[in-house]
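The values are calculated or read from the model by the stated rules, or taken from the named source; none is laboratory data. Because the structure is a prediction, the values reported are computed rather than measured. Using ideal geometry, Cβ is built from the backbone for each residue, glycine included, and neighbour counts are taken over all protein chains shown.
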Amino acid sequence: MGWVPVYKREMLMLIHRIGGMGYFITGLLFPMIYLLAFGWGLGSSVDIAGGYIAYLAKGMLAISVMMNSFQQTVIAISAARFYHKTFQTLKMSPVSNSNIAFGMAMAGVTRGVVAGIIIYVTSLLFFGVEVMSTQGAVGLVLTAMCFSSFGIAVGMFINGQEQFSIVNNFIITPMTFFCGSFFPIANLPDIVYRLVQYLPLSLTNGLLRMYQWDFAAVESACLLLVITLAVYFWSINRIRHYNEFK
């Protein structure tokens, strides 16, 4: 349980943000703007079973979990490296690299899930979203773990805001728009569809819209689990090779 102190430290920071209410406002603002703008603007012209706003709400849920898990983890690690100069102290402690990674990843999962709960409750109350299935819940938890681990790896090698923006603009933003959050990926050109169908966010959006554990659901969950484990072990490797004094 060596990861628990690392997790508790990150959670104290999260509780402080929630106490200021800014976390709730920030967590709601981005997805609510998209829900209202796209839902009102395109809802009547997009023919999707269950209604476009309900479809879009699930996509916003996946995006919120992804972004909060990733961005907040990168920010936490960057702050520890560049401003507080405390990450090397953590590395020199008796806590193992795997425990550091797991503690920070679990903190990222918590951030993502908290943001997801905010969006889900809002969507359930105001936009008529269906009750979440176990497939969707599994997808969201795995997504949170995947992108918090990715946030650790990115946070360990970037040297400033510019490099973070590059990752955000060329990896996170394209997934936001092309992985089934705003429209079914089946609508994409065949070559693009083949490229994006196995991306983590595409798998999560698929699971959010499944309600039984058939072959497609099991396959998507297993693929997402494999990707998550690969990214997690990559994050451990990045921590293992980090040295502030190099």
Qualifying residue in region 100-120 (condition: closer than 19 Å to CYS179 by Cβ, over 14 Å from the mean Cα position of the chain (by Cα) and β-branched (Val, Ile, Thr)): no
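Taking the conditions exactly as written (at pLDDT below 85, assigned to a helix (DSSP H, G or I) and hydrophobic (A, V, I, L, M, F, W, C)), does LEU142 satisfy them or not?
Working: at pLDDT below 85: no; assigned to a helix (DSSP H, G or I): yes; hydrophobic (A, V, I, L, M, F, W, C): yes.
No.
Please verify whether ILE236 is within 25 Å of ARG111 (Cβ to Cβ), touching a Cys at 6+ places or on another chain (Cβ under 8 Å) and not small (Gly, Ala, Ser), treating the condition exactly as stated. Steps first, please.
On the way: within 25 Å of ARG111 (Cβ to Cβ): yes; touching a Cys at 6+ places or on another chain (Cβ under 8 Å): no; not small (Gly, Ala, Ser): yes.
Against the criterion (within 25 Å of ARG111 (Cβ to Cβ), touching a Cys at 6+ places or on another chain (Cβ under 8 Å) and not small (Gly, Ala, Ser)), ILE236 does not qualify.
Report whether or not GLY206 is of a type in the set (Gly, Ala, Ser), in a helix (DSSP H, G or I) and closer than 27 Å to PHE82 by Cβ.
Details: of a type in the set (Gly, Ala, Ser): yes; in a helix (DSSP H, G or I): yes; closer than 27 Å to PHE82 by Cβ: no.
Answer is no for this residue.
Any chance you could count how many residues in region 145-161 are surrounded by 13 or more Cβ atoms within 10 Å (Cβ to Cβ) and not in a helix (DSSP H, G or I)? Please lay out each step first, then the result.
In the first step, residues of region 145-161 are kept if they are surrounded by 13 or more Cβ atoms within 10 Å (Cβ to Cβ); the result is 145-156, 158.
With not in a helix (DSSP H, G or I) added as a condition, the list becomes 158.
Total meeting the criteria: 1.
Filter region 180-203 down to residues that are assigned to a loop (DSSP other than H, G, I, E, B) and in contact (Cβ under 8 Å) with a residue 40 or more places away in the chain and give me whichever is farthest from MET60 (Cα to Cα).
If we filter region 180-203 for residues that are assigned to a loop (DSSP other than H, G, I, E, B), which is where we start, we get 180-184, 188-189, 197-199.
Within this subset, residues satisfying the condition of being in contact (Cβ under 8 Å) with a residue 40 or more places away in the chain are 180-184.
Details: GLY180: 10, SER181: 7, PHE182: 8, PHE183: 11, PRO184: 14 Å.
My answer is PRO184.
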Filter result (modelled with pLDDT of 80 or more and touching a helix residue (DSSP H, G or I) at 6+ places or on another chain (Cβ under 9 Å)) within region 1-35: GLY2, TRP3, VAL4, PRO5, VAL6, TYR7, LYS8, ARG9, GLU10, MET11
Number of positions in region 209-218 that are farther than 18 Å from ALA62 by Cβ and in a helix (DSSP H, G or I): 2
Any hit, region 162-177, residues being in contact (Cβ under 8 Å) with a residue 60 or more places away in the chain, surrounded by 14 or more Cβ atoms within 10 Å (Cβ to Cβ), farther than 24 Å from ALA105 by Cα and within 16 Å of the chain's Cα centre (by Cα): no
Matching residues, region 231-242, being surrounded by 15 or more Cβ atoms within 10 Å (Cβ to Cβ) and either of a type in the set (S, T, N, Q) or assigned to a loop (DSSP other than H, G, I, E, B) (or both): SER235, TYR242
Positions within region 181-230 being surrounded by 15 or more Cβ atoms within 10 Å (Cβ to Cβ) and among the β-branched types (Val, Ile, Thr), in sequence order: ILE185, VAL196, THR204, ILE227, THR228
